[in-house]
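K.L.:
Starting off with a structure, shown below.
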Amino acid sequence: MDYPLTVQHIFNRATRFFPHKEIVSRTETGMRRYTYADFGERVQRLASALTGLGIQPGQRVGTFGWNTYRHLELYFAVPCMGAVLHTLNVRLFTEQLEYIINDAEDQIIFVDADLVPVLEKAFGHIPTVKNFVIMGTPTEVTRLSPTLDYETLLSYSSPHYDWPELDENDAAAMCYTSGTTGNPKGVVYSHRSTFLHTMGACLADSLGITESDVVLPVVPMFHANAWGTPYAATLVGAKHVLPGRFLGAAPLVEMIEQERVTLLAGVPSIWIGLASHLERLSLEPETAQPDLSSVRIVPCGGSAIPPALMKTMDRFGLPMLHAWGMTETSPLASVARLSSHHLTLSESEQFAIRNKQGRVTPLVDCRVVDIATGQEVPWDGKSVGEIQVRGPWIARAYYHDEANNEKFMDGWLRTGDVATIDADGYLQIVDRTKDLVKSGGEWISSVELENMIMAYPKVLEAAVIGVPHPVMQERPVAYVVAKPEFEGQITPDEILDYLRPQVAKWWLPDEVLFIEAVPKTSVGKFSKRELRDLYAAQKSAATAS
Ligand code: ADP
């Protein structure tokens, strides 16, 4: 049958088969709980409200919020009624936010009450937005206008909505890349791509989300659709635990224990914070240790998992699952699960495989290409090239930028990630092209150096950047954060002595500089751009004085 693959099917199935399953959401006053049945009714009320407000099929509906039950309602009401969910990154600079809202021509924006002051800064520069719907109670009078209250809106709207017949190729959602180079670029996800990506995420050899899971996405719902976890968890009827804005280690531990969370998803910096918190607790034997035994898997991507982090998490019974992807790939593209023939390998060999970025998931095609020759590199785990991918949930072009053929070439997406691929097809990312340190005609992997430094027991975080050099073109400089208990007790020479036996001499950083914390991007990755700016500022201050 020619049956359309749409988000409506995910919604209909979930509310029909799992009406008693729970959705739990952290609020200012504690955990709010309700069932899929309650959720289903509220989603239909929301769709009725949007129709009442004049939202037409294909129009963009912006969201500016944390991971909450209301955001989840928007995830379904908007695409199911035929409009397009546009998740806005709440940590962007105002100019970027304005650019994105105007580029997408958002008609309405749903904003969490505590984020109203952030969105207000863009007010007056976003002419397409006709209404702002506030989710929760703001503490101050707002300049945003006109405003509506989310709960009032739902209470007056019909709890019955007949979903329109959709074409599976209609747009369901859109997301912008964080725009590290130039303006952010829009990526549109169709119903079909979202549906297939959801199925891909649920495959047992992928994220393997099932009905018995309790899923807590720490990854924001504005970061590539929280990696698809809201749709995947709903399709299979898993329990949702939504952390709101409470993303610190202590509230996370509390939610994991209380709700018996089985699957946690987030970028490495979140787990660096959690692991350090758990390590500190373990040094206080008189303090009751948290029971995290419910957790079976911690999918992690966005940047490479430092091996030291993965080991610490293993020690606390929090097994990480390394995944790779990008906004343009919906985002899930590869996952590092052991294969059956790996089970006879030693623990350290298995660990090395788990720490790779893994195999592309079914329906994603990949090749690793030598940029200079345009030829595919051999699958030998050594030859280096750019990862290129294609598949039904890989973007074909950027929104409003169909002519951009630099990134999309012969039906392939050029990821800008440099990697090796081994005989089993496991990718291992060496670096992003733009972060590789180009030293004297050779490349130094910033990721590899960072991982080595982060394995030093006194180090919490480390980020390596390439800085201009008159002879060598670039040289590596390491920014290092000491663990709180070792602050002020660690020297650059100590780090260099630790690295010396592990790397070629020319890989040793020219400088090791200590900072309080590595600056992070809007989605929690190490911000190399800010570090480069910081380094330039430090140098010019030094020359001036
Ligand atoms: P941004 O480009 O703004 O960081 P994305 O979240 O789309 O936004 O980032 C995608 C990029 O993140 C990838 O191209 C890759 O460089 C990096 N990345 C994602 N997952 C991993 C991973 N597991 N290991 C290393 N790098 C990763």
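None of the figures in this text is laboratory data; all of them are computed from the coordinates on show. Since the model is a prediction, treat every value here as computed from it, not as a measurement. As a convention, Cβ positions derive from the backbone with ideal geometry for all residues, glycine included, and neighbour counts pool all protein chains shown.
K.L.:
For the pair Asn102 and Thr35, what calculated FRET efficiency results from E = 1/(1 + (r/R0)^6), where r is the Cβ-Cβ distance and R0 = 35 Å, to the nearest 0.05? It would help to have the intermediate numbers written out before the result.
P.N.:
Details: r = 39 Å, r/R0 = 1.11.
After rounding, the FRET efficiency stands at 0.35.
K.L.:
Sort region 7-247 into rounded, prolate or oblate with this rule: let a ≥ b ≥ c be the square roots of the eigenvalues of the Cα gyration tensor; rounded if a/c is under 1.5, and if a/c is not under 1.5, prolate when a/b is larger than b/c, oblate otherwise.
P.N.:
Numbers: a/c = 1.38, a/b = 1.28, b/c = 1.08.
Rounded is the answer for region 7-247, as its axis ratio a/c remains below 1.5.
K.L.:
Of Thr27, His71, Tyr189, which is farthest along the charge dipole of region 7-247 in the positive direction, counting Lys and Arg as +1 and Asp and Glu as -1 at C-beta?
P.N.:
Thr27
K.L.:
Given 10 °C and 1.306 mPa s, compute D for region 318-367 with the Stokes-Einstein relation, Rh being the Kirkwood radius over Cα pairs; round to the nearest whole µm²/s.
P.N.:
On the way: Rh = 11.7 Å.
The Stokes-Einstein estimate is 136 µm²/s.
K.L.:
About its Cα centre, how strong a charge dipole does region 362-504 have in debye, to the nearest 20, once Lys and Arg get +1 and Asp and Glu get -1 at the Cβ? Could the numbers behind the result be given before it?
P.N.:
Values: 13 positive and 24 negative charges, 34 e Å.
The calculation lands at about 160 debye.
K.L.:
If each of Ala541 and Glu448 carries a label point 7 Å out from its Cα toward its Cβ, how far apart are those two points in nm?
P.N.:
Between Ala541 and Glu448, the label points sit 3.3 nm apart.
K.L.:
Mind listing the long-range amide H neighbours of Tyr399? Cut-off is under 5 Å, sequence gap 5 or more, other chains count too, H placed in the peptide plane at 1.01 Å from N.
P.N.:
Correct list: Gly186, Val187, Val188.
K.L.:
Output wanted: per-residue J couplings in Hz (rounded whole) for region 506-523, from phi through Karplus 6.51 cos²θ - 1.76 cosθ + 1.60, θ = phi - 60°, x for Gly and Pro.
P.N.:
So the Karplus estimates, Gly and Pro as x, are 6, 7, 4, x, 5, 9, 10, 10, 9, 9, 6, 7, 6, x, 10, 6, 5, 10 Hz.
K.L.:
Ordered by residue, what ³J(HN,Hα) values in Hz, to whole numbers, does region 61-73 give under the Karplus form 6.51 cos²θ - 1.76 cosθ + 1.60, where θ = phi - 60° and Gly and Pro are x?
P.N.:
Listing the rounded values in order: 10, x, 10, 9, x, 7, 7, 9, 5, 5, 5, 5, 4 Hz.
K.L.:
Around Ala173, which amide H atoms from residues at least 5 apart in sequence, or from another chain, sit under 5 Å from its own amide H, with H modelled in the peptide plane?
P.N.:
Close amide H contacts, sequence-distant or interchain: Leu85, Tyr189.
K.L.:
Here's a follow-up. Under the definition of Cα pairs under 8 Å and six or more residues apart, what whole-number percent is the relative contact order of the chain?
P.N.:
Numbers: 1107 pairs, mean separation 56.3, N = 545.
Relative contact order for the chain comes out at 10 percent.
K.L.:
Relative to the Cα centre, what is the charge dipole magnitude of the chain, using +1 at the beta carbon of each Lys and Arg, -1 at the beta carbon of each Asp and Glu, and rounding to the nearest 20 debye?
P.N.:
Values: 47 positive and 65 negative charges, 36 e Å.
For the chain, the charge dipole is close to 180 debye.
K.L.:
A further question follows. Amide H of Phe110 versus every other amide H placed in the peptide plane: which residues, excluding those fewer than 5 positions away on the same chain, fall under 5 Å?
P.N.:
Long-range HN contacts for Phe110: Gly62, Thr63, Phe64, Val133.
K.L.:
Quick one: pull the percentage of alpha-carbon pairs in region 151-279 with a separation above 17 Å.
P.N.:
Values: 5619 of 8256 pairs.
So the pairs more than 17 Å apart make up 68 percent of the total in region 151-279.
K.L.:
Set Lys and Arg Cβ to +1 and Asp and Glu Cβ to -1, take the dipole of region 7-247 about its Cα centre, and tell me which of Ala37, Tyr156, Ala49 lies farthest positive.
P.N.:
Positive-end residue among those listed: Ala37.
K.L.:
Output the pairs from Lys382/Lys483; Lys434/Lys525; Lys21/Lys130; Lys458/Lys520; Lys311/Lys407; Lys121/Lys528 with a Cα-Cα distance over 24 Å in this structure; if there are none, say none. Before the final figure, lay out the partial values.
P.N.:
Details: Lys382/Lys483 34 Å; Lys434/Lys525 15 Å; Lys21/Lys130 36 Å; Lys458/Lys520 21 Å; Lys311/Lys407 35 Å; Lys121/Lys528 26 Å.
Violating the 24 Å limit, Cα to Cα: Lys382/Lys483; Lys21/Lys130; Lys311/Lys407; Lys121/Lys528.
K.L.:
Okay, moving on. Per residue of the chain, what 222 nm ellipticity follows from adding -39500 (n - 2.57) for every DSSP H run with n ≥ 4, rounded to the nearest 500?
P.N.:
-8500 deg cm²/dmol
K.L.:
On a full-extension model of 0.36 nm per residue, what is the gain between Glu140 and Asp314, subtracting their alpha-carbon distance, rounded to one decimal in nm?
P.N.:
Values: separation 174, 0.36 × 174 = 62.64 nm, distance 4.48 nm.
Fully extending the segment from Glu140 to Asp314 adds 58.2 nm.
K.L.:
Length gain on complete extension for the stretch His341 to Phe486, per 0.36 nm per residue less the alpha carbon to alpha carbon distance? Could you put the intermediate results ahead of the total?
P.N.:
Details: separation 145, 0.36 × 145 = 52.20 nm, distance 4.16 nm.
Extra length available between His341 and Phe486 comes to 48.0 nm.
K.L.:
For a bin width of 10 Å, list the pair-distance distribution of the chain built from all Cα-Cα distances, rounded to whole %.
P.N.:
Calculated over all Cα pairs of the chain, the distribution is 3, 17, 28, 27, 17, 6, 1, 0 percent.
K.L.:
Something else about it: Which listed residue (Pro470, Val459, Leu499) has the Cα farthest towards the positive end of the charge dipole for region 388-545, taking +1 on Lys and Arg C-beta and -1 on Asp and Glu C-beta about the Cα centre?
P.N.:
Checked the options; the winner is Pro470.
K.L.:
So for region 7-247, averaging the separation of alpha carbon pairs under 8 Å that are six or more residues apart and normalising by length, what relative contact order in percent results? Write down the numbers at each step before the final one.
P.N.:
On the way: 472 pairs, mean separation 60.3, N = 241.
Reported relative contact order: 25 percent.
K.L.:
Within a Cβ distance under 13 Å of Leu247, other residues only, what is the Lys/Arg minus Asp/Glu net charge?
P.N.:
Numbers: positive: Arg26, Arg91, Arg245, Lys520; negative: Glu254.
Taking every Cβ under 13 Å from that of Leu247, the sum is +3.
K.L.:
With charges set only on the Cβ (+1 for Lys and Arg, -1 for Asp and Glu), what does the dipole of region 405-447 come to about its Cα centre, in debye to the nearest 20? Kindly include the intermediate steps, with their values, before the conclusion.
P.N.:
Values: 5 positive and 8 negative charges, 46 e Å.
Charge dipole, region 405-447, about its Cα centre: 220 debye, nearest 20.
K.L.:
Something else about it: What's the Kirkwood radius of region 437-544 in Å, using all Cα pairs? Let's see the in-between values first.
P.N.:
Numbers: mean 1/r = 0.0702 Å⁻¹.
After inverting the pairwise mean of 1/r, the radius is 14.3 Å.
K.L.:
Measuring from label point to label point, each 7 Å out along Cα→Cβ, what is the Glu279 to Arg260 span in nm?
P.N.:
3.2 nm
K.L.:
At what distance in nm do the modelled label points of Glu120 and Lys438 sit from each other, each positioned 7 Å from its Cα along Cα→Cβ?
P.N.:
Inter-label distance under the simple model: 4.6 nm.
K.L.:
While we're here: Local charge sum around Met320 (other residues, Cβ-Cβ under 11 Å, Lys/Arg +1, Asp/Glu -1)? Please report the intermediate quantities before stating the final value.
P.N.:
Values: positive: Lys311, Arg354; negative: Asp314.
Once positives and negatives cancel, what remains is +1.
K.L.:
In whole Hz and in residue order, list the ³J(HN,Hα) couplings for region 126-135 that follow from phi through the Karplus curve 6.51 cos²θ - 1.76 cosθ + 1.60, θ = phi - 60°; x for Gly and Pro.
P.N.:
Karplus-based 3J(HN,Hα) across region 126-135 equals 10, x, 6, 7, 9, 8, 10, 9, 9, 9 Hz.
K.L.:
So, R0 is 56 Å and r is the distance between the beta-carbons of Ala250 and Asp370; what FRET efficiency does that work out to, to 0.05?
P.N.:
Details: r = 47 Å, r/R0 = 0.85.
Rounded to the nearest 0.05, the efficiency is 0.75.
K.L.:
For Lys520 and Thr287 in the same chain, what is the full-extension length gain: residue separation times 0.36 nm, less their Cα-Cα distance, in nm? Display every interim value, and only then the final one.
P.N.:
On the way: separation 233, 0.36 × 233 = 83.88 nm, distance 3.12 nm.
Using 0.36 nm per residue and subtracting the Cα-Cα distance, I get 80.8 nm.
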